[in-house]
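Read the figures in this text as sums done on the coordinates, not as results from a lab. Computed from a predicted model, the values in this text were never measured in an experiment.
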């Protein structure tokens, strides 16, 4: 594990979405899309090299518009799904990225880069369109690749697109999208965010307004799971990677709540440390004791929540106030005067994660010893 210092990379444009490059398991890599109405938008691949402690842009691709939603394929690092706002509406689909020319030399050219945190290898061609579903010109609130097959092993080819009303599930294979399911997932209020249960291939969970519902993709039926999860609205949700029944949600009420989906009348635990909206919450994909939260209060918090985890994490002892409680806030990483909209844990190791602020600053953080 590492110290609590952070590295920075600047997109130079506003942005809201960032994800880890899921198919890359030997390097710390993240993808972020920009959100500018006046300038040419880009998709950045950002890499952290541990041995040289460098955080740099490995490649930058031109995008056809503002990137409002983004997902990374667990099967192929060159495959991304995105919701891109163009002059005629939204272009929603799966894209194949061109080969990263010169990426191997990017770190060596760090001093020549105009981007904070390292060098860039600019790819002048647009992201290549693989397949689009043109029947939905609306902004997608959530795009998700499913990480596992039915046995919980190898990743699948499924991808889900969800706007504020409908969720569509496709099989992506051979350069085309085959629709497997389509259903209305909002009941009276707009769908805001969703999660695909990594333990149940045919189940998604959708937040609409202040409530959360679960949906069966085969039966195309839903049922209320948490009718009133957060006052004012749910902002994000995530599944515990190791405990199949545990879900975490964040909301506009400044709270983070953990739920047992089998008995969801009241939360297992509530965290209250943000002073404004909690914009995102993320489980560590390796150790479910580690949680990150981000907010419009300019904060990124790292938590150790052991009491409702699959097992104690003995490597982490103590926290910033000197206590050794099982459930503590380990650190706060401040983002000066900037709301934080996206969090992503590295797919490589458990001890590195990144945060993205609206002004386009990506901060790389380390779990402290």
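Subtract the Cα-Cα distance of residue 40 and residue 88 from 0.36 nm times their separation in residues, and report this length gain in nm to one decimal.
15.7 nm
From the gyration tensor of the Cα coordinates in the stretch 166-283, what semi-axes in whole Å does the equivalent ellipsoid have, largest first, with each one equal to sqrt(5λ)?
25, 15, 14
Bin width 5 Å, origin at 0, all Cα-Cα pairs of the stretch 194-348: what percent of pairs per bin?
All Cα pairs, binned at 5 Å, distribute as 2, 10, 18, 22, 21, 15, 8, 3, 1, 0, 0 percent.
Taking 0.36 nm per intervening residue step and subtracting the Cα-Cα distance, what contour gain separates residue 337 from residue 173 on full extension?
Extending this stretch completely gives an extra 54.7 nm.
Please work out the Kirkwood hydrodynamic radius for the stretch 2-78, using every pair of different C-alpha atoms, and report it in angstroms with one decimal place.
Taking the inverse mean of 1/r over all distinct Cα pairs, the stretch 2-78 comes out at 13.3 Å.
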